[in-house]
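Have a look at the structure below before the remarks.
No lab work stands behind these numbers, since they all come straight from the coordinates. Quantities reported herein were computed from a predicted structural model and do not represent experimental measurements. Positions of Cβ are backbone-derived with ideal geometry, glycine not excepted, and every protein chain shown enters the neighbour counts.
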Amino acid sequence: MSLQTKKPYEALTTETVVQVVAPLNHFDDVNQLEIKEIGDGNLNYVFHLVEPATGKSLIVKQALPYAKVVGESWPLTLDRARIESEALIKAGEYVPALVPKVYHTDRQLACTVMEDLSDHLILRKGLIQGEVYPKLAEHIATFLAQTLFHTSDFFLHPFVKKEQVKAFINPELCKITEDLVFTDPFFNHDTNDFPEELKSSVERLWNDQTLKRETAKLKHAFLTRAEALLHGDLHTGSIFVTTDSTKVIDPEFAYYGPIGFDIGQFFANLALSYLSHFHHSKDQHKRQQFQAYLLNVIEDTWTHFTEQFSQLWHSKGQEAYMQVAGVEEDFFAQVLEDAIGFAGCEVIRRTIGLAHVADLDSIEDQALQLKLKEKALALGSTLVRERKQLTRISRFLETIRGVA
Ligand code: ADP
Ligand code: MG
Ligand code: MG
Ligand code: MG
C-alpha cells in the first residue's frame, strides 16, 4: 500500500512554477528558463516559460482561490481549473487543431500546462486593429459544431451523457454568468457600471417589462437546459488567431447548457466590434468594408455550423427521432432563436454590467462612445425582445445594420 502525500495548494510564483514543468522533461534545462506572469490577474495566473537556447516554451495557467474585481475579492472554487483542463482535453478529441494542447494537469495546484500560443493574437485586439481573419468563421463553426454535437444527446448514450453532465457541474462559475449576464444589468444592482449620461437609457431598460420577461426565459434556459458541453465564455478575448490559425482558450466556465449560448456570445462580441468601428475605422470606405466582414463572419459561422452539425446529425445520430421529418429544422430554429436572445443579453451586459469590452471602452471620443453604447443597448433589447421573429440569420444581420 502506498501512502500518497498531497501537496497543498499554493499560489505559484515565477520561481516555484518551475517545479510544475520539471517532471515533464519538455525543456533541456529548466534552470535556464525565462519566466513571466502574463495574465490579467483577476482570476488566474498565466505563466509564460521559455528556454532561450532551444526556443522551447510552455504556458502554465493556475486558478487563484479568489476573484478580484475593482478592489473587492471573493472566494472562487479552484475546481474551475479541472473543468478548464478537462474541457480543453474534450475539445481536443474532436478539434485538436482549434485548442491548445494540454500537456499536464495538476489538481492540487489547480493548474494546467499547455501549449504556448504567443505567436497568436487575441481576436478582440486584432478586430480592434481592423485585422481580417479569413478562416475565423469556418474554424469557430467547426469548433462549435464538433464540440457541441459530440457532447450532446444527439451523439452520446444517455448514461454517458449524464455522467458528462456530472463531471462538468460548475455551479460557482455558472452563478457568475447567471448574475452578471442575466440578472444584474436588468435591475438597479451595484455590480453595474455605466456613466451618468447613460442613466436615462438604462432606466428605460430597467422599466421594460417585456424585455425583463424575455430575459427571464433566457436565464431559465441557461439554468436548466443541459443540451451540450458549452465553452461558457466564448467572447473574442477567449480566441487566439493568426491569419490561418484559430485557437479557443479559457473554458473555465464550461458546463452543460443550451447550445445557442456559445454561438450567441461569439455573435454578440462581433456585433460590439461592429459598433466600435464607427470609431476604430477612421476611413469611411475601410469602415464599411470591415463592418461587412464582421457581418460575414456571423453569417458564415452560422452557415458552416448548421452544415457541419447537420452532417454529423445524419452520419452519427443515435436516435430514431432524429430522422423524423422536421425535427432537425425545429432544432436549428430553436438554436438560432436562443443564440440571438443570448447575444442580446451579452451585448447589454458588456455595455452596462460589471465586465465591459475594450472595443467600446477604449474609444477616447466620449460623446461617440456614449452614442455607440446607446446603440448597443437598443440592439441588445431588440435582439432579446424580437428573437422569435428573427428566424433567419439574414434578419439578425439586418437588425445589427438597422440599429447602427
Ligand atoms: P483568464 O481566465 O484569466 O481570462 P485566459 O486563459 O483568458 O485567462 O488567459 C489570459 C491571457 O493570458 C490571455 O489573454 C493571453 O494573453 C495569455 N494566455 C493564456 N493562455 C495562453 C496560451 N496558451 N499561450 C499564450 N498566451 C496565453
Ligand atoms: Mg481575463
Ligand atoms: Mg480569459
Ligand atoms: Mg477565464
- Just list whichever of LYS166/LYS217; LYS68/LYS101; LYS36/LYS90; LYS175/LYS316; LYS68/LYS199 have alpha carbons separated by over 32 Å in the model shown. LYS175/LYS316
- Where does helix 209-224 land angle-wise versus the long Cα axis of the chain, in degrees 0 to 90, nearest 10? 30
- Taking alpha-carbon centroids only, region 116-174 lies from region 73-110 a number of Å equal to 13
- Residues in region 71-104 near a label at GLU115, defined as backbone nitrogen under 17 Å from the 7 Å Cα→Cβ point? 85-104
- Message: Between 0 and 90 degrees, rounded to the nearest ten: what's the tilt of helix 171-180 against the longest Cα principal axis of the chain?
- Response: 30
- Task: Report the residues of region 352-379 in range of a label on LYS175: point 7 Å along Cα→C-beta, backbone N strictly under 19 Å from it.
- Result: 354-355
- Among all the aspartates and glutamates, which ones have a C-alpha under 19 Å from LYS388's C-alpha, if same-chain residues fewer than 8 places away are not counted? ASP208, GLU214, ASP262, GLU299, GLU328, GLU329, ASP330, GLU337, ASP338, GLU346, GLU398
- Query: Among LEU370, PHE155, THR224, whose Cα lies farthest out toward the positive end of the dipole of the chain, if unit charges sit on the beta carbon of Lys, Arg (+1) and Asp, Glu (-1)?
  - Reply: THR224
- Note on the structure: Rounded to the nearest 10, the angle in degrees between the Cα long axis of helix 393-403 and the longest principal axis of the Cα atoms of the chain comes to 70
- May I ask you to derive the relative contact order of the chain, considering only C-alpha pairs under 8 Å and at least 6 residues apart, and to give it as an integer percent? 17
- Query: Radius of gyration and Dmax for region 121-403's Cα atoms, expressed in Å?
  - Reply: 18.3, 57
- The simple spin-label model distance between GLN366 and THR54, using points 7 Å out along Cα→Cβ, in nm, is 5.3
